[in-house]
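*Asks:* Questions regarding the structure given below will be posed in turn.
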Amino acid sequence: MTQPSGSSGTGPSHGTEPGDAPWPEGLGALANMGWQILLTTGLATIALGVVVFAWPEETLRVVGVLFGVYLLVTGVFQLAAAFGTHVPGHLRVLHFLTGAFSVLLGLICFRGTLQSIFLLALWIGFSWLLRGILVTAAAAAAEDMPARGWQLFYGIISTVAGIVLIISPFTSIAALTLTVGVIAVVLGAVEVFQAIRMRVEIGRPAPGGTAAEGRPLFHRPHPQH
């Protein structure tokens, strides 16, 4: 009788024995890439927070320039939308005015750091103020709103924060910058911790399987010849 061609013990085995590896090849590579990306973003976020603490004035200057670029770009898009065929006629004037105003504010931001920081603080302050008033009014009017107490608290805090930013823009935006630095460091540390936990989970053996302790930290699958 002829033996099946796949019964020869000299060729490589294409099947996987139970317990050979805790992760399938594709899933293992994806998980390995995931923890590396998470670790990299965590370290970058921590570095951003440290930069904010070390050079707060330079950070504000960069943020002001980016805010000016944002206003300029959004203004150009608003102006382009004002002449688009998909915009109703009664909204063309509104798009044109908001676009021209955004372009004007963006150009003012490029004149100096104080102007950009002042406009940024007012922008954030008015947005917080408007959002706080809307959330507070909605929570006060709807008695059956889920988490109504938290919504009222958030609306009041947002309103007060907006008023403070409008009244004292430079001091408030500096404090806000330091707060962003603290949040960046905390979030970065959490991401690094999660990446380390993910790496430990990848190297942990599956139930009834062999341990993957020999997996390198930065594993790259070798091409098969």
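All of the numbers you see were taken from the coordinates with simple rules; none came from a lab. Fair warning: this is a prediction, and the values are worked out from it, not measured in the lab. Neighbour counts run over all protein chains shown; Cβ positions are idealised from the backbone, glycine included.
*Asks:* Ranked from highest to lowest mean number of other Cβ atoms within 10 Å per residue, what is the order of the peptides 49-58, 116-125? It would help to have the intermediate numbers written out before the result.
*Replies:* Values: 49-58: 14.6, 116-125: 20.1.
The peptides rank, most packed first, as 116-125, 49-58.
*Asks:* State the dimensionless ratio Rg/Rh of the stretch 110-167 (Rg: radius of gyration of Cα atoms; Rh: Kirkwood radius). Could you put the intermediate results ahead of the total?
*Replies:* Values: Rg = 14.3 Å, Rh = 12.1 Å.
Here Rg/Rh amounts to 1.18.
*Asks:* Relative contact order for the stretch 102-193 using alpha-carbon pairs under 8 Å, separation at least 6, rounded to a whole percent? Don't skip to the end; give the middle numbers.
*Replies:* Values: 77 pairs, mean separation 27.8, N = 92.
In percent, rounded to a whole number, it is 30.
*Asks:* Moving on to the next point. Relative contact order for the stretch 106-158 using alpha-carbon pairs under 8 Å, separation at least 6, rounded to a whole percent? Let's see the in-between values first.
*Replies:* Working: 35 pairs, mean separation 16.8, N = 53.
Across the stretch 106-158, relative contact order equals 32 percent.
*Asks:* Residue 197 to residue 147: FRET efficiency via 1/(1 + (r/R0)^6), r the Cβ-Cβ distance, R0 25 Å, to the nearest 0.05?
*Replies:* Numbers: r = 30 Å, r/R0 = 1.22.
Result of the calculation: an efficiency of 0.25.
*Asks:* Further question on the same structure: If packing is taken as the average count of other Cβ atoms within 10 Å, what order do 159-167, 75-83 fall into, highest mean first? Mind showing how you got there, number by number?
*Replies:* On the way: 159-167: 17.3, 75-83: 15.6.
In decreasing order of mean packing, 159-167, 75-83 become 159-167, 75-83.
*Asks:* Rounded to a whole number, what is D in µm²/s for the stretch 30-141 from Stokes-Einstein with the Kirkwood radius over alpha-carbon pairs (4 °C, 1.567 mPa s)?
*Replies:* Details: Rh = 17.1 Å.
Rounded, D is 76 µm²/s.
*Asks:* Can I ask one more? Do me a favour and compute the ellipsoid semi-axes for the stretch 88-194 from its Cα gyration tensor, root of five times each eigenvalue, largest one first, whole Å. Don't skip to the end; give the middle numbers.
*Replies:* Details: eigenvalues 155, 127, 45 Å².
Here the semi-axes work out to 28, 25, 15 Å.
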